[in-house]
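S.K.: Here it is: the structure, laid out below.
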Amino acid sequence: MGSLFLTKEMIEAHIIKKRHSEKEEEAALEEEEDADPCECADAHESRDRESTEGKAAKDIAHSVKVECAVCDEPGARVVSSFVGYFNARYNALKNLLMRRQELKNLVSIGRFTKFSNDRDVSVIGMVSGVSKSKAGNTVVNLEDPTGKIMVIVKDQSGIGEDELLNDEVIGIHGSTFNGLFFADSIVLADVPLPTGVKTVSDHVSAVFVSDLHFGSRYYNKGIEERFLKWIMSSSGAQVKYLFICGDVVDGVGIYPGQDSELVEKDIYGQYGLFEEFVKKIPNHIQIIICPGNHDVVRIGEPQPAFTKEFLPNICDDENVYLVANPSYVNVHGFGMDEGIKVLMYHGYSFTGIIDAVPYLRQKGLRNPQHVMEYVLKRRHLAPPYGTTVGMPEKQDSLVISKVPDIFQTGDLHSHAIDRYKGITLISSSTFQDQTPFMDRVGHIANPGKISVVDLHTGEARCVDLSS
Ligand SMILES: [Fe+2]
(Lines give C-alpha, C1' and ligand atoms only; values in the text may rest on other atoms or scores of the structure.)
Protein backbone atom coordinates (compact mmCIF):
# COMPACT_ATOMS: atom_id res chain seq x y z
CA MET A 1 0.00 0.00 0.00
CA GLY A 2 1.43 3.41 -1.02
CA SER A 3 2.02 6.34 1.33
CA LEU A 4 -0.85 8.75 1.89
CA PHE A 5 1.57 11.67 2.31
CA LEU A 6 2.59 13.90 -0.59
CA THR A 7 6.18 15.10 -0.70
CA LYS A 8 7.23 18.53 -2.06
CA GLU A 9 8.82 16.75 -5.04
CA MET A 10 5.57 14.88 -5.81
CA ILE A 11 3.58 18.14 -5.74
CA GLU A 12 6.12 19.93 -7.98
CA ALA A 13 6.11 16.99 -10.42
CA HIS A 14 2.31 17.16 -10.55
CA ILE A 15 2.35 20.92 -11.25
CA ILE A 16 4.92 20.52 -14.06
CA LYS A 17 2.89 17.65 -15.57
CA LYS A 18 -0.30 19.78 -15.43
CA ARG A 19 1.41 22.71 -17.15
CA HIS A 20 2.69 20.42 -19.91
CA SER A 21 -0.69 18.80 -20.46
CA GLU A 22 -2.44 22.22 -20.69
CA LYS A 23 0.15 23.45 -23.19
CA GLU A 24 -0.01 20.19 -25.20
CA GLU A 25 -3.81 20.30 -25.31
CA GLU A 26 -3.79 23.85 -26.62
CA ALA A 27 -1.03 23.01 -29.14
CA ALA A 28 -3.01 19.98 -30.39
CA LEU A 29 -6.07 22.15 -30.92
CA GLU A 30 -3.99 24.74 -32.75
CA GLU A 31 -2.57 21.99 -34.98
CA GLU A 32 -6.11 20.94 -35.85
CA GLU A 33 -6.91 24.54 -36.80
CA ASP A 34 -3.66 24.80 -38.78
CA ALA A 35 -4.70 21.76 -40.84
CA ASP A 36 -7.00 24.03 -42.79
CA PRO A 37 -4.71 26.76 -44.08
CA CYS A 38 -6.37 30.09 -44.79
CA GLU A 39 -6.55 31.55 -48.26
CA CYS A 40 -3.81 34.09 -47.84
CA ALA A 41 -1.29 31.80 -46.17
CA ASP A 42 2.13 32.61 -47.50
CA ALA A 43 5.28 30.60 -47.00
CA HIS A 44 8.79 31.42 -48.03
CA GLU A 45 11.18 28.84 -46.65
CA SER A 46 14.76 28.07 -47.48
CA ARG A 47 15.60 24.45 -46.58
CA ASP A 48 19.35 24.16 -47.21
CA ARG A 49 20.18 23.70 -43.52
CA GLU A 50 23.68 23.39 -42.14
CA SER A 51 25.46 24.51 -38.98
CA THR A 52 25.16 28.28 -38.64
CA GLU A 53 27.38 28.86 -35.62
CA GLY A 54 29.37 32.08 -35.95
CA LYS A 55 27.56 33.17 -39.10
CA ALA A 56 25.90 36.53 -39.65
CA ALA A 57 22.15 36.57 -40.31
CA LYS A 58 22.74 37.29 -44.02
CA ASP A 59 24.29 33.81 -44.34
CA ILE A 60 21.53 32.01 -42.45
CA ALA A 61 18.40 30.62 -44.09
CA HIS A 62 15.01 32.10 -43.28
CA SER A 63 11.49 30.79 -42.84
CA VAL A 64 8.30 32.87 -42.74
CA LYS A 65 4.82 31.38 -42.57
CA VAL A 66 1.93 33.80 -42.51
CA GLU A 67 -1.60 33.23 -41.33
CA CYS A 68 -3.80 36.17 -42.18
CA ALA A 69 -7.22 37.00 -40.87
CA VAL A 70 -9.87 35.86 -43.33
CA CYS A 71 -11.74 38.89 -44.70
CA ASP A 72 -15.20 38.20 -46.14
CA GLU A 73 -16.20 39.44 -49.55
CA PRO A 74 -17.22 43.11 -49.58
CA GLY A 75 -20.95 43.68 -49.46
CA ALA A 76 -23.79 44.91 -47.29
CA ARG A 77 -23.68 43.99 -43.61
CA VAL A 78 -27.16 43.39 -42.21
CA VAL A 79 -28.48 42.56 -38.73
CA SER A 80 -27.97 38.84 -39.31
CA SER A 81 -24.27 39.52 -40.10
CA PHE A 82 -23.86 40.91 -36.57
CA VAL A 83 -25.76 37.98 -35.03
CA GLY A 84 -23.48 35.54 -36.86
CA TYR A 85 -20.40 37.53 -35.83
CA PHE A 86 -21.27 37.55 -32.12
CA ASN A 87 -22.22 33.85 -32.25
CA ALA A 88 -18.83 33.10 -33.83
CA ARG A 89 -17.12 35.05 -31.03
CA TYR A 90 -19.15 33.25 -28.37
CA ASN A 91 -18.46 29.78 -29.80
CA ALA A 92 -14.71 30.38 -30.23
CA LEU A 93 -14.30 31.60 -26.65
CA LYS A 94 -16.67 28.97 -25.24
CA ASN A 95 -14.42 26.28 -26.72
CA LEU A 96 -11.45 27.79 -24.88
CA LEU A 97 -13.37 28.20 -21.60
CA MET A 98 -14.77 24.65 -21.65
CA ARG A 99 -11.24 23.38 -20.96
CA ARG A 100 -11.12 25.21 -17.65
CA GLN A 101 -11.44 22.78 -14.75
CA GLU A 102 -12.92 25.47 -12.49
CA LEU A 103 -16.14 25.44 -14.51
CA LYS A 104 -17.79 22.38 -12.94
CA ASN A 105 -21.26 21.18 -13.98
CA LEU A 106 -21.46 23.40 -17.06
CA VAL A 107 -24.96 24.06 -18.36
CA SER A 108 -26.40 26.33 -21.01
CA ILE A 109 -28.25 29.36 -19.68
CA GLY A 110 -31.53 28.02 -21.14
CA ARG A 111 -31.28 24.91 -18.95
CA PHE A 112 -30.21 26.80 -15.84
CA THR A 113 -33.68 27.43 -14.37
CA LYS A 114 -34.33 23.68 -14.15
CA PHE A 115 -31.71 23.27 -11.46
CA SER A 116 -32.78 23.11 -7.81
CA ASN A 117 -31.36 25.24 -5.00
CA ASP A 118 -27.75 25.07 -3.76
CA ARG A 119 -26.42 23.02 -6.61
CA ASP A 120 -22.91 23.86 -7.89
CA VAL A 121 -23.28 24.96 -11.45
CA SER A 122 -21.33 26.85 -14.14
CA VAL A 123 -22.33 28.79 -17.22
CA ILE A 124 -20.45 30.44 -20.09
CA GLY A 125 -21.94 33.62 -21.48
CA MET A 126 -21.39 37.00 -23.08
CA VAL A 127 -21.65 40.01 -20.77
CA SER A 128 -24.53 42.29 -21.78
CA GLY A 129 -24.49 44.59 -18.78
CA VAL A 130 -22.87 45.25 -15.40
CA SER A 131 -24.65 47.24 -12.69
CA LYS A 132 -25.06 47.66 -8.94
CA SER A 133 -28.13 46.42 -7.10
CA LYS A 134 -29.92 48.52 -4.44
CA ALA A 135 -28.21 46.36 -1.82
CA GLY A 136 -24.82 47.26 -3.30
CA ASN A 137 -24.12 43.93 -5.03
CA THR A 138 -22.63 43.73 -8.49
CA VAL A 139 -25.09 42.30 -11.00
CA VAL A 140 -23.87 40.88 -14.30
CA ASN A 141 -26.25 40.22 -17.17
CA LEU A 142 -25.08 37.25 -19.14
CA GLU A 143 -26.42 35.63 -22.29
CA ASP A 144 -25.72 32.70 -24.57
CA PRO A 145 -27.61 31.46 -27.66
CA THR A 146 -30.15 29.72 -25.39
CA GLY A 147 -31.12 32.54 -23.04
CA LYS A 148 -30.27 35.32 -20.60
CA ILE A 149 -29.50 35.30 -16.90
CA MET A 150 -28.80 37.76 -14.10
CA VAL A 151 -25.81 36.86 -11.93
CA ILE A 152 -25.11 38.30 -8.49
CA VAL A 153 -21.38 38.49 -8.01
CA LYS A 154 -19.81 37.95 -4.61
CA ASP A 155 -16.82 40.09 -3.62
CA GLN A 156 -14.52 37.07 -3.57
CA SER A 157 -15.15 36.16 -7.21
CA GLY A 158 -11.51 36.81 -8.09
CA ILE A 159 -12.13 39.64 -10.52
CA GLY A 160 -13.05 43.26 -9.93
CA GLU A 161 -16.52 44.32 -11.06
CA ASP A 162 -15.02 47.27 -12.91
CA GLU A 163 -12.84 44.94 -14.97
CA LEU A 164 -15.86 43.37 -16.69
CA LEU A 165 -16.94 44.96 -19.94
CA ASN A 166 -19.82 44.32 -22.29
CA ASP A 167 -19.40 41.73 -25.05
CA GLU A 168 -16.66 39.77 -23.36
CA VAL A 169 -17.21 36.04 -22.93
CA ILE A 170 -16.64 34.68 -19.42
CA GLY A 171 -17.30 31.57 -17.38
CA ILE A 172 -19.05 31.77 -14.02
CA HIS A 173 -19.15 29.13 -11.32
CA GLY A 174 -21.58 29.50 -8.45
CA SER A 175 -24.70 28.28 -6.77
CA THR A 176 -28.42 28.73 -7.28
CA PHE A 177 -31.04 29.85 -4.79
CA ASN A 178 -34.69 30.61 -5.52
CA GLY A 179 -33.97 30.97 -9.23
CA LEU A 180 -31.09 33.39 -8.62
CA PHE A 181 -27.48 32.65 -9.53
CA PHE A 182 -24.76 33.68 -7.08
CA ALA A 183 -21.25 33.71 -8.58
CA ASP A 184 -18.37 32.30 -6.51
CA SER A 185 -15.77 32.73 -9.21
CA ILE A 186 -15.42 34.35 -12.61
CA VAL A 187 -13.20 32.50 -15.04
CA LEU A 188 -11.49 34.08 -18.05
CA ALA A 189 -10.29 32.05 -21.06
CA ASP A 190 -6.68 33.25 -20.47
CA VAL A 191 -3.54 31.61 -21.87
CA PRO A 192 -2.13 28.42 -20.31
CA LEU A 193 0.73 28.39 -17.82
CA PRO A 194 4.06 28.51 -19.66
CA THR A 195 6.45 25.62 -20.10
CA GLY A 196 9.31 27.99 -20.90
CA VAL A 197 10.28 30.63 -23.41
CA LYS A 198 10.39 29.35 -27.01
CA THR A 199 13.75 29.71 -28.77
CA VAL A 200 15.44 28.58 -32.01
CA SER A 201 18.84 26.96 -32.64
CA ASP A 202 20.25 29.70 -34.87
CA HIS A 203 21.68 32.94 -33.51
CA VAL A 204 19.22 35.28 -35.21
CA SER A 205 17.10 38.12 -33.95
CA ALA A 206 13.89 39.93 -34.82
CA VAL A 207 13.29 43.68 -34.69
CA PHE A 208 9.92 45.29 -33.94
CA VAL A 209 8.88 48.81 -34.96
CA SER A 210 5.58 50.50 -35.68
CA ASP A 211 3.84 53.81 -36.44
CA LEU A 212 6.44 55.21 -38.83
CA HIS A 213 4.02 57.90 -40.12
CA PHE A 214 5.78 58.79 -43.38
CA GLY A 215 4.40 62.05 -44.76
CA SER A 216 3.94 63.71 -41.36
CA ARG A 217 5.54 67.07 -40.58
CA TYR A 218 6.59 65.46 -37.28
CA TYR A 219 8.27 62.43 -38.90
CA ASN A 220 11.71 62.18 -37.29
CA LYS A 221 14.20 61.65 -40.12
CA GLY A 222 17.03 61.36 -37.58
CA ILE A 223 15.49 58.20 -36.11
CA GLU A 224 15.21 56.69 -39.60
CA GLU A 225 18.87 57.46 -40.34
CA ARG A 226 20.07 56.03 -37.02
CA PHE A 227 17.88 52.96 -37.51
CA LEU A 228 19.31 52.22 -40.97
CA LYS A 229 22.85 52.82 -39.73
CA TRP A 230 22.26 50.48 -36.76
CA ILE A 231 20.66 47.67 -38.77
CA MET A 232 23.56 47.73 -41.27
CA SER A 233 26.24 47.82 -38.57
CA SER A 234 27.77 44.91 -36.66
CA SER A 235 25.18 45.56 -33.90
CA GLY A 236 22.43 44.59 -36.33
CA ALA A 237 24.32 41.67 -37.91
CA GLN A 238 22.03 39.04 -36.36
CA VAL A 239 18.80 40.70 -37.48
CA LYS A 240 16.87 38.33 -39.74
CA TYR A 241 13.29 39.56 -39.36
CA LEU A 242 11.73 43.03 -39.17
CA PHE A 243 8.11 43.47 -38.06
CA ILE A 244 6.36 46.77 -38.90
CA CYS A 245 3.03 46.95 -37.06
CA GLY A 246 0.91 49.50 -38.95
CA ASP A 247 0.53 53.26 -39.48
CA VAL A 248 3.39 53.16 -41.97
CA VAL A 249 2.15 56.54 -43.27
CA ASP A 250 0.33 59.43 -41.59
CA GLY A 251 -2.52 59.14 -44.11
CA VAL A 252 -4.82 61.79 -45.51
CA GLY A 253 -8.07 62.99 -43.94
CA ILE A 254 -7.65 60.86 -40.82
CA TYR A 255 -8.67 63.73 -38.51
CA PRO A 256 -9.85 67.34 -38.98
CA GLY A 257 -7.05 69.74 -39.80
CA GLN A 258 -4.52 67.00 -40.58
CA ASP A 259 -3.45 68.82 -43.76
CA SER A 260 -1.47 71.37 -41.78
CA GLU A 261 0.49 68.54 -40.12
CA LEU A 262 1.59 66.91 -43.39
CA VAL A 263 4.64 67.55 -45.53
CA GLU A 264 3.44 65.04 -48.15
CA LYS A 265 -0.27 65.49 -48.79
CA ASP A 266 -0.61 62.86 -51.51
CA ILE A 267 -1.33 59.36 -50.19
CA TYR A 268 0.59 57.70 -53.05
CA GLY A 269 3.50 60.03 -52.29
CA GLN A 270 3.45 58.98 -48.62
CA TYR A 271 3.61 55.28 -49.54
CA GLY A 272 6.39 56.13 -52.01
CA LEU A 273 8.45 57.51 -49.09
CA PHE A 274 7.78 54.32 -47.13
CA GLU A 275 8.88 52.20 -50.10
CA GLU A 276 12.14 54.15 -50.34
CA PHE A 277 12.79 53.32 -46.67
CA VAL A 278 12.04 49.59 -47.17
CA LYS A 279 14.35 49.47 -50.20
CA LYS A 280 17.23 50.69 -48.01
CA ILE A 281 16.94 47.70 -45.65
CA PRO A 282 19.34 44.85 -46.56
CA ASN A 283 17.42 42.22 -48.52
CA HIS A 284 18.51 39.30 -46.33
CA ILE A 285 16.14 40.76 -43.69
CA GLN A 286 12.59 39.48 -44.03
CA ILE A 287 10.14 42.36 -43.58
CA ILE A 288 6.59 41.70 -42.37
CA ILE A 289 4.17 44.64 -42.66
CA CYS A 290 0.58 45.01 -41.46
CA PRO A 291 -1.67 48.09 -41.74
CA GLY A 292 -2.98 50.36 -38.97
CA ASN A 293 -5.80 52.88 -38.62
CA HIS A 294 -3.86 55.65 -40.44
CA ASP A 295 -3.28 53.42 -43.46
CA VAL A 296 -5.21 53.37 -46.69
CA VAL A 297 -7.01 50.03 -46.28
CA ARG A 298 -10.45 49.91 -44.62
CA ILE A 299 -10.45 50.87 -40.95
CA GLY A 300 -12.73 47.95 -39.98
CA GLU A 301 -10.86 45.07 -38.36
CA PRO A 302 -9.64 42.68 -39.55
CA GLN A 303 -7.89 45.06 -41.92
CA PRO A 304 -6.81 43.39 -45.16
CA ALA A 305 -3.18 43.47 -46.27
CA PHE A 306 -1.85 46.31 -48.47
CA THR A 307 -2.35 45.83 -52.19
CA LYS A 308 -0.10 46.49 -55.16
CA GLU A 309 -1.85 49.81 -55.84
CA PHE A 310 -0.13 51.54 -52.94
CA LEU A 311 3.09 49.54 -52.65
CA PRO A 312 3.88 48.65 -56.29
CA ASN A 313 7.65 48.82 -55.84
CA ILE A 314 7.98 46.41 -52.91
CA CYS A 315 4.94 44.11 -53.02
CA ASP A 316 6.70 41.55 -55.23
CA ASP A 317 10.00 41.65 -53.33
CA GLU A 318 10.89 38.19 -52.03
CA ASN A 319 11.75 39.51 -48.57
CA VAL A 320 8.52 41.53 -48.13
CA TYR A 321 5.34 40.04 -46.64
CA LEU A 322 2.19 42.13 -46.64
CA VAL A 323 -0.19 40.77 -44.01
CA ALA A 324 -3.57 41.59 -42.49
CA ASN A 325 -4.16 43.26 -39.12
CA PRO A 326 -4.24 41.12 -37.00
CA SER A 327 -2.06 38.25 -38.25
CA TYR A 328 -0.08 35.33 -36.90
CA VAL A 329 3.39 35.00 -38.40
CA ASN A 330 5.66 32.06 -37.63
CA VAL A 331 9.34 32.74 -38.27
CA HIS A 332 12.43 30.57 -38.32
CA GLY A 333 10.72 27.20 -38.02
CA PHE A 334 13.07 24.48 -39.28
CA GLY A 335 13.19 20.76 -38.46
CA MET A 336 13.10 20.37 -34.68
CA ASP A 337 12.62 24.12 -34.21
CA GLU A 338 8.92 24.94 -34.29
CA GLY A 339 9.74 28.58 -34.96
CA ILE A 340 8.53 31.66 -33.12
CA LYS A 341 4.86 32.57 -33.44
CA VAL A 342 4.27 36.33 -33.53
CA LEU A 343 0.82 37.87 -33.13
CA MET A 344 0.79 41.28 -34.84
CA TYR A 345 -2.05 43.63 -33.92
CA HIS A 346 -1.86 47.37 -34.49
CA GLY A 347 -3.75 48.11 -31.25
CA TYR A 348 -6.47 50.54 -32.28
CA SER A 349 -8.85 49.15 -29.60
CA PHE A 350 -6.45 49.82 -26.73
CA THR A 351 -7.24 53.50 -26.15
CA GLY A 352 -10.95 52.67 -25.71
CA ILE A 353 -10.26 49.72 -23.39
CA ILE A 354 -7.86 51.74 -21.23
CA ASP A 355 -10.47 54.48 -20.99
CA ALA A 356 -13.19 52.00 -19.93
CA VAL A 357 -11.27 50.10 -17.24
CA PRO A 358 -10.33 52.15 -14.13
CA TYR A 359 -7.16 50.24 -13.20
CA LEU A 360 -5.88 50.48 -16.78
CA ARG A 361 -6.72 54.17 -16.85
CA GLN A 362 -4.66 54.58 -13.72
CA LYS A 363 -1.67 52.86 -15.38
CA GLY A 364 -2.07 55.29 -18.28
CA LEU A 365 -1.34 55.20 -21.98
CA ARG A 366 2.40 55.10 -21.27
CA ASN A 367 2.19 51.56 -19.86
CA PRO A 368 0.60 49.57 -22.68
CA GLN A 369 1.83 46.23 -21.31
CA HIS A 370 -1.13 46.21 -18.91
CA VAL A 371 -3.77 46.44 -21.62
CA MET A 372 -1.88 43.78 -23.61
CA GLU A 373 -2.12 41.47 -20.59
CA TYR A 374 -5.81 42.39 -20.21
CA VAL A 375 -6.68 41.28 -23.75
CA LEU A 376 -4.59 38.10 -23.50
CA LYS A 377 -6.50 37.12 -20.34
CA ARG A 378 -9.74 37.53 -22.29
CA ARG A 379 -8.34 35.93 -25.46
CA HIS A 380 -9.82 38.81 -27.47
CA LEU A 381 -8.15 41.89 -28.96
CA ALA A 382 -11.16 44.19 -28.51
CA PRO A 383 -13.68 42.74 -26.03
CA PRO A 384 -16.20 45.62 -25.92
CA TYR A 385 -17.65 46.17 -29.38
CA GLY A 386 -16.95 49.74 -30.45
CA THR A 387 -13.44 50.11 -29.03
CA THR A 388 -12.47 49.37 -32.59
CA VAL A 389 -14.51 49.03 -35.77
CA GLY A 390 -15.12 45.28 -35.79
CA MET A 391 -16.29 44.03 -39.19
CA PRO A 392 -19.10 41.49 -38.76
CA GLU A 393 -17.40 38.67 -40.64
CA LYS A 394 -18.25 34.98 -40.50
CA GLN A 395 -15.37 34.50 -38.06
CA ASP A 396 -14.25 36.85 -35.32
CA SER A 397 -10.60 37.35 -36.24
CA LEU A 398 -10.05 39.39 -33.09
CA VAL A 399 -10.35 36.25 -30.94
CA ILE A 400 -6.85 35.26 -29.81
CA SER A 401 -7.33 31.70 -30.99
CA LYS A 402 -3.66 30.71 -30.75
CA VAL A 403 -1.13 31.34 -28.01
CA PRO A 404 1.68 33.47 -29.47
CA ASP A 405 5.30 33.46 -28.37
CA ILE A 406 5.55 37.19 -29.07
CA PHE A 407 2.65 39.66 -29.05
CA GLN A 408 3.44 42.90 -30.91
CA THR A 409 1.28 46.01 -30.96
CA GLY A 410 1.68 49.74 -31.68
CA ASP A 411 -0.77 52.63 -32.03
CA LEU A 412 -0.12 54.30 -28.65
CA HIS A 413 3.31 55.59 -29.80
CA SER A 414 4.56 54.51 -26.41
CA HIS A 415 7.06 51.73 -25.76
CA ALA A 416 7.08 48.68 -23.53
CA ILE A 417 8.72 45.29 -23.28
CA ASP A 418 7.32 42.84 -20.77
CA ARG A 419 6.33 39.21 -20.37
CA TYR A 420 3.04 37.54 -19.46
CA LYS A 421 2.88 33.77 -18.91
CA GLY A 422 5.89 33.17 -21.16
CA ILE A 423 4.64 35.49 -23.92
CA THR A 424 6.95 38.39 -24.79
CA LEU A 425 4.90 41.59 -24.95
CA ILE A 426 6.14 44.35 -27.24
CA SER A 427 4.40 47.67 -27.64
CA SER A 428 6.40 49.19 -30.47
CA SER A 429 7.60 52.76 -30.47
CA THR A 430 7.32 55.22 -33.35
CA PHE A 431 9.42 57.27 -35.79
CA GLN A 432 7.14 60.29 -35.23
CA ASP A 433 7.57 63.02 -32.61
CA GLN A 434 4.70 64.32 -30.50
CA THR A 435 2.06 65.99 -32.69
CA PRO A 436 -0.71 68.52 -31.88
CA PHE A 437 -3.23 65.76 -32.71
CA MET A 438 -1.63 63.45 -30.12
CA ASP A 439 -1.81 66.26 -27.56
CA ARG A 440 -5.56 66.38 -28.16
CA VAL A 441 -6.15 62.61 -27.77
CA GLY A 442 -3.81 62.28 -24.79
CA HIS A 443 -1.15 60.09 -26.43
CA ILE A 444 2.42 60.77 -25.37
CA ALA A 445 5.04 59.81 -27.93
CA ASN A 446 8.12 57.89 -26.88
CA PRO A 447 9.84 57.77 -30.28
CA GLY A 448 12.94 55.94 -31.44
CA LYS A 449 12.81 52.94 -29.09
CA ILE A 450 13.52 49.81 -31.12
CA SER A 451 12.59 46.40 -29.68
CA VAL A 452 14.94 43.52 -30.46
CA VAL A 453 14.31 39.87 -29.56
CA ASP A 454 17.19 37.39 -29.70
CA LEU A 455 15.34 34.34 -31.05
CA HIS A 456 18.14 32.04 -29.83
CA THR A 457 17.90 33.05 -26.16
CA GLY A 458 14.42 34.57 -26.06
CA GLU A 459 15.77 37.77 -24.50
CA ALA A 460 14.10 41.02 -25.47
CA ARG A 461 15.79 44.43 -25.23
CA CYS A 462 15.33 48.03 -26.23
CA VAL A 463 17.76 49.86 -28.51
CA ASP A 464 17.35 53.59 -27.90
CA LEU A 465 17.77 55.52 -31.15
CA SER A 466 15.85 58.57 -29.99
CA SER A 467 18.95 60.79 -30.11
FE1 LIG B 1 0.20 55.75 -35.15
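The values are calculated or read from the model by the stated rules, or taken from the named source; none is laboratory data. Values in this document were obtained by computation on a predicted structure and should not be read as measured data. Cβ atoms come from the backbone with ideal geometry, glycine included; neighbour counts cover every protein chain shown.
S.K.: Being at pLDDT below 95, under 14 Å from the mean Cα position of the chain (by Cα) and more than 16 Å from the ligand (Cβ to nearest atom): is that true of PRO383 here? Working first, answer last.
M.R.: Details: at pLDDT below 95: yes; under 14 Å from the mean Cα position of the chain (by Cα): yes; more than 16 Å from the ligand (Cβ to nearest atom): yes.
Taking the combined requirement at face value, the residue satisfies it.
S.K.: Might you check whether a residue that is away from the ligand (no atom under 16 Å from the Cβ) and surrounded by 17 or more Cβ atoms within 10 Å (Cβ to Cβ) occurs anywhere in the range 250-262?
M.R.: no
S.K.: Now for a separate question. Has the range 430-445 got at least one residue that is β-branched (Val, Ile, Thr) and under 29 Å from THR195 (Cα atoms)? Outline the logic, then answer.
M.R.: Going residue by residue through the range 430-445, those that are β-branched (Val, Ile, Thr) are 430, 435, 441, 444.
Keeping just the survivors that are under 29 Å from THR195 (Cα atoms) gives none.
No; the residues of the range 430-445 include none that is β-branched (Val, Ile, Thr) and under 29 Å from THR195 (Cα atoms).
S.K.: Any residue in the range 400-420 that is more than 16 Å from the ligand (Cβ to nearest atom) sitting within a Cβ distance under 6 Å of a residue that is among the basic types (Lys, Arg)? List the pairs, counting only those 6 or more apart or interchain.
M.R.: Filtered contacts from the range 400-420: ILE400/ARG379; PRO404/LYS341; ASP405/LYS198; ASP405/LYS341.
S.K.: Give me a count of the residues in the range 203-213 that are within 14 Å of the ligand (Cβ to nearest atom) and either more than 16 Å from MET344 (Cα to Cα) or surrounded by fewer than 23 Cβ atoms within 10 Å (Cβ to Cβ) (or both). Talk me through it step by step, then tell me what you get.
M.R.: If we filter the range 203-213 for residues that are within 14 Å of the ligand (Cβ to nearest atom), which is where we start, we get 209-213.
Keeping just the survivors that are either more than 16 Å from MET344 (Cα to Cα) or surrounded by fewer than 23 Cβ atoms within 10 Å (Cβ to Cβ) (or both) gives 213.
So the answer is 1.
S.K.: Quick test for you: out of THR457, THR435, pick the one residue that is closer than 21 Å to ASN330 by Cβ, of a type in the set (S, T, N, Q) and over 21 Å from the mean Cα position of the chain (by Cα).
M.R.: On the way: THR435 fails: closer than 21 Å to ASN330 by Cβ.
Every option except THR457 fails the conditions.
S.K.: Of everything in the range 238-249 that's part of a loop (DSSP other than H, G, I, E, B) and within 16 Å of the ligand (Cβ to nearest atom), which residue is nearest to the chain's Cα centre (by Cα)?
M.R.: Filtering the range 238-249 for residues that are part of a loop (DSSP other than H, G, I, E, B) and within 16 Å of the ligand (Cβ to nearest atom), the one nearest to the chain's Cα centre (by Cα) comes out as GLY246.
S.K.: Looking only at the range 350-373, filter to residues that are touching a Pro at 6+ places or on another chain (Cβ under 9 Å) and touching a residue at least 40 places away in the same chain (Cβ under 8 Å); which one of those is surrounded by the fewest Cβ atoms within 10 Å (Cβ to Cβ)?
M.R.: So the first thing to find is which residues in the range 350-373 are touching a Pro at 6+ places or on another chain (Cβ under 9 Å), and the list is 350, 352-354, 356.
The next check asks that each one be touching a residue at least 40 places away in the same chain (Cβ under 8 Å); those that pass are 350, 353, 356.
Working: PHE350: 28, ILE353: 22, ALA356: 17.
Going through the qualifying residues, I end up with ALA356.
S.K.: Just a yes or no: is a residue in the range 214-237 within 22 Å of LEU343 (Cβ to Cβ) and either of a type in the set (Val, Ile, Thr) or within 16 Å of the ligand (Cβ to nearest atom) (or both)? Walk me through how you get there before you give the answer.
M.R.: Residues of the range 214-237 that are within 22 Å of LEU343 (Cβ to Cβ), as a first pass: none.
Within the range 214-237 (the criterion being within 22 Å of LEU343 (Cβ to Cβ) and either of a type in the set (Val, Ile, Thr) or within 16 Å of the ligand (Cβ to nearest atom) (or both)), the answer is no, since none of the residues qualifies.
S.K.: Go through the range 447-461 and report how many residues are crowded, with 20+ Cβ neighbours inside 10 Å and either free of Cβ contacts under 8 Å to residues at least 12 places away in the same chain or not basic (Lys, Arg) (or both).
M.R.: So in the range 447-461, the residues crowded, with 20+ Cβ neighbours inside 10 Å come out as 447-453, 455, 460.
Right, trim to either free of Cβ contacts under 8 Å to residues at least 12 places away in the same chain or not basic (Lys, Arg) (or both) and you get 447-448, 450-453, 455, 460.
So the answer is 8.
S.K.: If you take the residues in the range 421-449 that are away from the ligand (no atom under 16 Å from the Cβ) and among the hydrophobic types (A, V, I, L, M, F, W, C), which one is nearest to VAL252 (Cα to Cα)? Steps first, answer last, please.
M.R.: Our first condition is that a residue be away from the ligand (no atom under 16 Å from the Cβ); within the range 421-449, this holds for 421-425.
From the residues that got through so far, the ones that are among the hydrophobic types (A, V, I, L, M, F, W, C) too are 423, 425.
Values: ILE423: 35, LEU425: 30 Å.
Looking at the filtered set, the residue picked out is LEU425.
S.K.: Please determine whether any residue of the range 186-202 is touching a residue at least 12 places away in the same chain (Cβ under 8 Å), assigned to a loop (DSSP other than H, G, I, E, B), within 14 Å of the ligand (Cβ to nearest atom) and of a type in the set (S, T, N, Q). Break it down stepwise before answering.
M.R.: Residues of the range 186-202 touching a residue at least 12 places away in the same chain (Cβ under 8 Å): 186-202.
Filter again for assigned to a loop (DSSP other than H, G, I, E, B), leaving 188-202.
Applying the additional criterion that residues be within 14 Å of the ligand (Cβ to nearest atom) yields none.
Looking for residues that are touching a residue at least 12 places away in the same chain (Cβ under 8 Å), assigned to a loop (DSSP other than H, G, I, E, B), within 14 Å of the ligand (Cβ to nearest atom) and of a type in the set (S, T, N, Q), one finds none in the range 186-202, hence no.
S.K.: Which members of the range 191-232 meet the condition of being modelled with pLDDT of 95 or more and acidic (Asp, Glu)?
M.R.: ASP211, GLU224, GLU225
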